[in-house]
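All remarks here apply to the structure that follows.
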Amino acid sequence: MGIFSRFTDIVNSNLNALLDKAEDPEKMVRLIIQEMEDTLVEVRSTSARLIAEKKDSERQLARVQNEVNEWQNKAELALSKDREDLARLALTEKQKASAEAASLQGDVNRVEEHLQRLSEEVGQLQEKLADAKARQKTIIMRQRAASSRLEVKKRIDSGKIDDAMLRFERYESKIDDLESQVEAYDLGKKTLRDEFAQLEADDKITDELEALKAKIKEQKSAD
């Protein structure tokens, strides 16, 4: 199983648990990044172990290949001494060593392929981790902004603002009533200034009346 399929299973199980608990996106993002970092640590540990196994297999392979060469040399020496029986035994040992070398070479090849796949997957995971970290701040800011807006909307839609405005209107109405009562106390009361203003108004009316009488008198005289 590749690291991504394992990582997907881990993240999905945790995300489902978070969703069941109605956790917020900020925690979910931190969890995803933590899972990715933990997966990288585990994969690097696995890679280190495989590299150690590869080196051990390569050492064994080198030893067995030396044995193959040694048995080849011994077979040639035996034939040069007309000891075909010894040469046959040497070639038999050479075949055993060659089979062991082939098996060890297969182990080395498989480890190298596994390490190559791990290297590619680690590279992809590192890119995704860098992208997740780059987007983490934006996601958190968006989540906090949306939460703040939602809280404001809840308060506005809760009716508290409307209740406050109604109270303001009632206070304004009470103040209007108080002002009306003050004005009512002054009704029918004339100040000294009002008395003189009334005298001046009477004089103007008298003047206008006299002028009107003179105009009518002239009109009658003309007729």
Exercise for the section: Determine which single condition Leu104 fails, assuming it passes every other condition in (1) open to solvent by 40 Å² or more (accessible area, probe 1.4 Å); (2) farther than 30 Å from Ala130 by Cα; (3) part of a helix (DSSP H, G or I). Expected result: (1)
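Touching a Pro at 6+ places or on another chain (Cβ under 9 Å), open to solvent by 70 Å² or more (accessible area, probe 1.4 Å) and either β-branched (Val, Ile, Thr) or more than 25 Å from Ser57 (Cα to Cα) (or both): which single residue out of Arg83, Arg142, Arg149 fits that description? Don't jump to the end; show me each part of the working.
Numbers: Arg83 fails: touching a Pro at 6+ places or on another chain (Cβ under 9 Å); Arg149 fails: touching a Pro at 6+ places or on another chain (Cβ under 9 Å).
Going through Arg83, Arg142, Arg149 in turn, the sole match is Arg142.
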Completion exercise
Expected single match for more than 30 Å from Glu26 (Cβ to Cβ) and either assigned to a helix (DSSP H, G or I) or more than 51 Å from the chain's Cα centre (by Cα) (or both) among Glu121, Glu70, Glu42 is Glu70
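Kindly establish whether Glu93 is at pLDDT 85 or above, touching a helix residue (DSSP H, G or I) at 6+ places or on another chain (Cβ under 9 Å) and loosely packed, with under 15 Cβ neighbours inside 10 Å.
Numbers: at pLDDT 85 or above: yes; touching a helix residue (DSSP H, G or I) at 6+ places or on another chain (Cβ under 9 Å): yes; loosely packed, with under 15 Cβ neighbours inside 10 Å: no.
Considered against the rule, which asks whether it is at pLDDT 85 or above, touching a helix residue (DSSP H, G or I) at 6+ places or on another chain (Cβ under 9 Å) and loosely packed, with under 15 Cβ neighbours inside 10 Å, Glu93 comes out as no.
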Exercise for the section: From (1) over 30 Å from Ile33 (Cβ atoms); (2) surrounded by 13 or more Cβ atoms within 10 Å (Cβ to Cβ); (3) out of contact with any Leu (no Cβ under 7 Å at 6 or more places or on another chain), pick out the condition that doesn't hold for Lys128. Expected result: (1)
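The values are calculated or read from the model by the stated rules, or taken from the named source; none is laboratory data. Small disclaimer: the values here were computed from a predicted structure and weren't measured. Backbone-built Cβ (ideal geometry, glycine too); neighbour counts: all protein chains shown. Side chains included, ligands, DNA and RNA excluded: accessible areas come from the protein's heavy atoms. Shrake-Rupley method; radii C 1.70, N 1.55, O 1.52, S 1.80 Å.
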